[in-house]
Structures are given as C-alpha cells and as structure tokens.
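This report refers to the structure that appears directly beneath it.
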Amino acid sequence: MANLHILDHPLIQHKLSLIRDKNTGSKDFRDLVEEVAMLMAYEVTRDFSLQDVEIETPVAMATTKMISGRKVGLVPILRAGLGMVAGMLRLIPAAKVGHVGLYRDPETLKPVEYYCKLPPDVEERDLIVIDPMLATGGSASAAITFLKQRGARNIKLMCLIAAPEGVEAVDRVHPDVDIFVAAVDKHLNEHGYIVPGLGDAGDRLFGTK
Ligand code: URA
C-alpha cells in the first residue's frame, strides 16, 4: 500500500517491544510512548520543505536551511492520542494542538463526535492525526472526515500499532492520507483488540485498569 509507512528504525522497534510488554508499568509506558512519538515525528516530518536562510555563525556568513511553508497542527484523538503529544511537541514546538473526541453510538455503531477544538486556521495547516492504536479504523477515519469537513486538506495519520483491518479501512475512505505506524500486527480479536498489540493504550497510559 503506497501510503502506508512502517517506521522500522531500531530505536522505535526496541522501545515498542518494551511498550508491548505487559510488565511495563504506567510511568515507563507513558515515557516510552512519548519517546517513540518523538522518534516517529522525525520520520513523519521528512517531507517538510526547506528554504535557504542567511545566518551569521561566529566564524562567517552562511546560507543554510530552515523549514519553510505551512504550519503544523497535531490532532490527538481522545484519550489515548494524548500520550503522544508531548513527544511530538519536543520536535515540532511551534505546532498547535487540536483535540477530537469520539464515541461509538450503541445503536447505529457509527462514531459520534463529542468534542472538537481545533486551531482556527486548520485549513492552512499540515495536520497530523495521532492515535496509538489503529484497530478497526473507525475512529481515525471519522476524525479525518470531521477535519476535512472543517476545511483541512493536508492530513497524515500517525499510530504506534495498526491492525491490517484498520489500515485498509482508513485507506479505503481516505486514500489521500499517508499512514505512519511503527508496526502492523496480525489481526483484531473478537473484542476489538489488536493481536498481539499492547492491550488498552488509554488504560495503560492513565493507569485506569
Ligand atoms: N484500542 C486499544 O487501546 N487497544 C487495542 O488493541 C485496540 C484499540
């Protein structure tokens, strides 16, 4: 799949194994998720355009490069996406952060937006939607649809672990969206968990289980 990017950097893979381990407690889990998000941000921003700038070093004038062009927006999907924000802001400190909260309507089974607060100039920003687990793809796909309805055009999706079903679901609805993951696992189980996955990312981040 052309728009799926699996980030196989050794540091990312090593830390992801620690994150998956059920014996990793909440504090270490949070720290590792933050670190992996930071490392992933390095790859997700690889296509950012550069412009020449003139600067004066202590030794001489120099023409060097700085990031140019569009502004960045991070959009964590509540609540587990929050765990990846701080790591990404370490590398992209000027990014603005919007939040999207979704729940599944028990009757229609469709995702319903219960919270959405975005930077006002969302249509001018490169948006990176963040959710650690891309399971069925329902939430990510719906969040991207809501962002597009508000004028966003340049959207990437960044997740720690995806199920093949989730990647396919997002790609089917949003073929324009590049998907960045650290791993694509085997499948979803009957409870909607990614196998082998890491369990419930939100519970492990916030110690609610
Ligand atoms: N959400 C999670 O937190 N974990 C999964 O395995 C699937 C969805």
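For segment 1-106, which trypsin sites (Lys or Arg not before Pro) pass both filters: DSSP loop (anything but H, G, I, E, B) and at most 13 other C-beta atoms within 10 Å?
Details: sites: Lys15, Arg20, Lys22, Lys27, Arg30, Arg46, Lys65, Arg70, Lys71, Arg79, Arg90, Lys96, Arg104; in loops: Lys22, Arg46, Arg70, Arg79.
Here the sparse-neighbourhood loop sites are Lys22, Arg46, Arg70.
Of the GluC sites (Glu not before Pro) in segment 55-134, which ones lie in a loop per DSSP and count no more than 15 other C-beta atoms within 10 Å?
Glu107
Would you mind computing, in nm to one decimal, how far apart the modelled labels at Arg104 and Val59 are, each placed 7 Å from Cα along Cα→Cβ?
Here the modelled spin labels are 5.9 nm apart.
For Arg104, list long-range residues whose amide hydrogen, built 1.01 Å from N in the peptide plane, is under 5 Å from its own amide hydrogen.
Here Val112 satisfy the definition.
Heavy atoms only, 1.4 Å probe, whole protein assembly: order Ser49, Ser68 by accessible area, highest first. Could the numbers behind the result be given before it?
On the way: Ser49 60, Ser68 25 Å².
Highest to lowest solvent-accessible surface, that is Ser49, Ser68.
Measure off 7 Å from each Cα along the Cα-to-Cβ vector at Leu18 and Ala86, then give the distance between these two points in nanometres to one decimal.
1.5 nm
Compute, for Asp178, the solvent-accessible surface of its heavy atoms (probe 1.4 Å) with the complete set of protein chains present, and express it in square angstrom to the nearest 10.
In the full protein context, Asp178 sits at about 50 Å².
What FRET efficiency, computed as 1/(1 + (r/R0)^6) with R0 = 35 Å and r the Cβ-Cβ distance, is obtained for Ser68 and Met1, rounded to the nearest 0.05? Please report the intermediate quantities before stating the final value.
Numbers: r = 30 Å, r/R0 = 0.84.
Step by step, r from the Cβ atoms, then E = 0.75.
Could you please state how large a percent of the accessible area of the chain is carbon and sulfur, counting protein chains only and using a 1.4 Å probe? Mind showing how you got there, number by number?
Working: 6030 of 11030 Å².
Carbon and sulfur together cover 55 percent of it.
For a 25 Å ceiling on Cα separation, which of these pairs sit above it: Lys15/Lys148; Lys65/Lys96; Lys15/Lys186; Lys15/Lys209; Lys27/Lys156?
Too far apart for the 25 Å limit: Lys15/Lys148; Lys27/Lys156.
Full-extension gain between Glu165 and Lys148, please, as 0.36 nm times their residue separation minus the C-alpha to C-alpha distance. Walk me through the intermediate numbers first.
Details: separation 17, 0.36 × 17 = 6.12 nm, distance 2.22 nm.
Here the answer is 3.9 nm.
Check Asn154: other-chain or 5+ apart residues with amide H under 5 Å from its amide H, H built from backbone geometry?
Leu127
Hey, can you find the accessible area per residue of segment 119-162 for me, probe 1.4 Å, expressed in square angstrom?
30 Å²
Across all directions of projection, what mean area in square nanometres is found for the Cα convex hull of segment 22-133?
For the Cα atoms of segment 22-133, the hull's average projected area reads 10.5 nm².
Name the long-range amide H neighbours of Cys116: under 5 Å, sequence gap of 5 or more, or other chain; modelled H, no Pro or chain starts.
Long-range HN contacts for Cys116: Gly101.
The values are calculated or read from the model by the stated rules, or taken from the named source; none is laboratory data. This one's a predicted model, so the numbers in the text were calculated from it and none came from an experiment. Glycine also receives a Cβ, built like all others from the backbone with ideal geometry; neighbour counts cover every protein chain displayed. The accessibility values were calculated without ligands, DNA or RNA, using every heavy atom of the protein model including side chains. Shrake-Rupley method; radii C 1.70, N 1.55, O 1.52, S 1.80 Å.
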